[in-house]
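Presented below is the structure to which this report refers.
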Amino acid sequence: MNDIRPSDRGVWRVVAMRDFWVRLRDKGFVISTCVTLAVFSVFILVRAYGGVGTPAYDLGIVVDRAGGPATAAAYAPAQASAVTAQIEAAASSALADVRVVEVHPPDAGRDRLREGSLDGVLAADGILEGDADVPTQLRQIVQAALVRDRIVAALEAAGATEAEVDAALNVPAVTLRTLQPRDPNREENGGIAFIGVLLLYGQLFGYGVWVATGVIEEKSSRVVEILLSAIRPRQLMAGKILGIGLLGIAQMIFIAAFAMSLAAITGALKLPATALGAAALVLGWFVLGFAFYSSLFAAAGSLVSRMEELQNVIVPLNLVILVSFFISIGAVQDPGSTLAVVASLLPFSAALAMPVRIVLGSATLPQIVLSVSLLIGSTMLLIPLAGRLYAGAVLRTGSRVKLRDAWRSAT
Amino acid sequence: MLELIGLRRSFDDVVALDDVSFAVPEGAIVGFVGPNGAGKTTAMRIALGVLEPDAGEVRWHGEPVDARVRRRFGYMPEERGLYPKMRVREQLVYLARLHGLPAGYAARRADEIVATMGVEERAGDRVESLSLGNQQRVQLAAALVHEPDALVLDEPFSGLDPVGVDVLAGVLRRQAQNHGVPVVFSSHQLDLVERLCDAVVLIDRGRIVASGTIDELRASRARRLLRVEVVGAADGWYDALPGVTLEAEANGGVALLLDDDVDEQRVLDLARASGDVLHFTRVRPSLAELFREVVSA
């Protein structure tokens, strides 16, 4: 006989480590992490190399090759360079980028239109030719350029000097003023808030379900009776929640590090400091939200003995999180609405709604303090209640345990 | 010594245990026997703390057991259970650590116990890929991996092949004799219980109906039967003695049931007076016969 009789106070760590490593090696976890990384990569690459930045067009201009007098549809070279200059000027005031290349009859750039390397071809008779269509903004730029060209010609005919022509045409850009204070980064912050709430919803719900699944797995395989002959129900529940939560945090840090490195390399991110702050915010609110929801998921899972019954018991939690999610998506558009403010204060929706309002600069410090206090306070109330339900239900295999029975049989 | 004292437990209106008390001394193997639904599993679950009694308590070395003491018990529940997707060795290390063994020692013990149970070749496999018999061996390994101070096993022999039965019987004997571990197990294989156990506890409908060594049970509970074969005696030669009745006739002899106050030697005297006595023995009832007698009473 040996006399190893250590304290069991740290045994939740052993449980947490098992739940962490077993799931880390789980095929489903690896696949879902890869899918998330792929989605982020596509999003970042589109931002970096796609048309989301300055719109750019390729325009052909039909120029007579011989250098002789213009034929019906082709510009003379001198004419062409004047029009090109006006197109570039019009493009820059429309905050777009138009690259002009010369094309020649008889093909006049039609092959390049077909293969898509040109967005349109302008001929001297005012016909703008496209493949299926010509982008609206390019049409507007060409139209403006032709107007400018005619005004220049008219002013020069009237004897205006080059300086006078410049003064007439190069009007400074309008100054923008708004009735409400305007956040110059509103659009990018909105994007960050949207991605953040999407990620938070996925993580809170996904990892919550994982806690419930883990509990049911132990009930349905009956291993729980062996586990509970060694440790107490609350130690098992705490270890499971902490192990799975730790995995959630690790996964989010990994995804955030990957996404930010990719964005930094490709230059997709204009505000790296804001994005870093938002990532920390999402992580912090995941911890708070997971602490709030996870014990409820564990208690819900402990009521049933078969994986098929999982959906039945998590429906109420599912609904609460889904409603919070939709309110938070609405808050991305209007973070100051009454609904958004209330949702950001109530514990069951705060973890999704409050980070959105913080990123968008709509939450005040007292609101944030109140929201966090309410969330932590209600979590501390909930965990003992959920722990009692779990302890009362987890050893009762067979049909679904009634909440009242679970409550009563716990000690 | 592991003691169950005055355990009572009801489920709704059904009384599962009604004042159940028995003790498992150090180094003793105790068989826990009774018909299905008699309360064996309930008593064992209470001993391991996975079920609370309505009344009564479980003691270890005379003290009420707490979580720290229970952590050093080994338990095999009636409903077998392991993580199906976890590998055998990994699972045993984990369970050993839950029972309080440090990591390095837990790993060493896991290696030892898979070898003892003869499943070392499957140590790297997932439990679900094992045959039922091998799963059963792993289940037993799980009860033994942390070198428990006491063993409570619910139907440990069911599902084992004869080799497995011998292996387990050997392991239980070693645990009891070499390590002084109190062992209690339930079983319906009464010949096995008779062979292996130092004492037997018989439970029926939530009550302990008999307990003690098998010889004590025989002495206290069994009907006194004699098998006698007398050549040349008239039928009913035994009628001359009051308190002796015919139980059965077989192979030219008779089985006689004796009342408590009848002296066996008087029967022998009468038999010799009646003819030539070829056979005269006490019938030693098997545990199975004792069981039937006690349970149907």
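What to note about this one:
- Any chance B:Val14 is of a type in the set (Val, Ile, Thr), closer than 21 Å to B:Leu151 by Cβ and either more than 21 Å from the chain's Cα centre (by Cα) or surrounded by 14 or more Cβ atoms within 10 Å (Cβ to Cβ) (or both): no
- Qualifying residue in the stretch B:124-140 (condition: within 12 Å of another protein chain (Cβ to nearest Cβ), within 22 Å of B:Val184 (Cβ to Cβ) and either in a loop (DSSP other than H, G, I, E, B) or charged (D, E, K, R) (or both)): no
- Sole residue being more than 9 Å from chain B (Cβ to nearest Cβ), surrounded by fewer than 20 Cβ atoms within 10 Å (Cβ to Cβ) and in a helix (DSSP H, G or I), chosen from A:Gly208, A:Gly202: A:Gly202
- On the stretch given as the stretch B:230-268, residues that are surrounded by 12 or more Cβ atoms within 10 Å (Cβ to Cβ) and assigned to a helix (DSSP H, G or I) total 7.
- Contact map, the stretch A:80-92: first residue under 21 Å from A:Ala108 (Cβ atoms), second residue part of a helix (DSSP H, G or I) and among the basic types (Lys, Arg), Cβ cut-off under 6 Å, separation 6 or more or different chains; pairs are A:Gln86/A:Arg148.
- For beta carbons closer than 9 Å, sequence separation of 6+ or different chains, a first residue in the stretch A:216-230 that is within 7 Å of chain B (Cβ to nearest Cβ) and more than 19 Å from B:Thr42 (Cβ to Cβ) and a second that is polar (S, T, N, Q) and surrounded by fewer than 24 Cβ atoms within 10 Å (Cβ to Cβ), there are no qualifying pairs.
- Considering residues of the stretch A:239-252 that are crowded, with 21+ Cβ neighbours inside 10 Å and small (Gly, Ala, Ser) only, the residue nearest to the other protein chains (Cβ to nearest Cβ): A:Gly239
- Pair list, Cβ < 8 Å and 6+ apart or interchain, from the stretch B:37-49 residues that are facing chain A (nearest Cβ under 9 Å) and touching a residue at least 60 places away in the same chain (Cβ under 8 Å) to residues that are in a helix (DSSP H, G or I) and of a type outside the set (Gly, Ala, Ser): B:Leu48/B:Arg70
- For A:Val320, the conditions (1) surrounded by fewer than 23 Cβ atoms within 10 Å (Cβ to Cβ); (2) closer than 27 Å to A:Val39 by Cβ; (3) within 14 Å of chain B (Cβ to nearest Cβ) all hold with the exception of (3).
- Residue in the stretch B:20-36 that is assigned to a strand (DSSP E or B) and among the charged types (D, E, K, R) present: no
- Only one entry in B:Glu121, B:Glu147, B:Glu112 is outside any helix (DSSP H, G or I), assigned by TED's automatic domain parsing to the domain that holds B:Leu48 and either over 22 Å from B:Val193 (Cα atoms) or free of Cβ contacts under 8 Å to residues at least 60 places away in the same chain (or both), namely B:Glu147.
- Filtered residues of the stretch B:55-81 (kept if within 12 Å of chain A (Cβ to nearest Cβ), surrounded by fewer than 23 Cβ atoms within 10 Å (Cβ to Cβ) and assigned to a loop (DSSP other than H, G, I, E, B)): B:His61, B:Val65, B:Asp66, B:Arg72, B:Glu78, B:Glu79, B:Arg80, B:Gly81
- For the stretch A:343-363, the condition of being without any contact (Cβ under 8 Å) to a residue 40 or more places away in the chain and farther than 30 Å from A:Gln180 by Cα holds for none of the residues.
- Scanning the stretch A:323-344 for residues being surrounded by 19 or more Cβ atoms within 10 Å (Cβ to Cβ) and of a type outside the set (Phe, Trp, Tyr) gives a total of 10.
The values are calculated or read from the model by the stated rules, or taken from the named source; none is laboratory data. Everything numeric here is computed off the predicted structure, so don't read it as measured data. In this analysis, Cβ positions are derived from the backbone assuming ideal geometry, glycine residues included, and neighbour counts consider all displayed protein chains.
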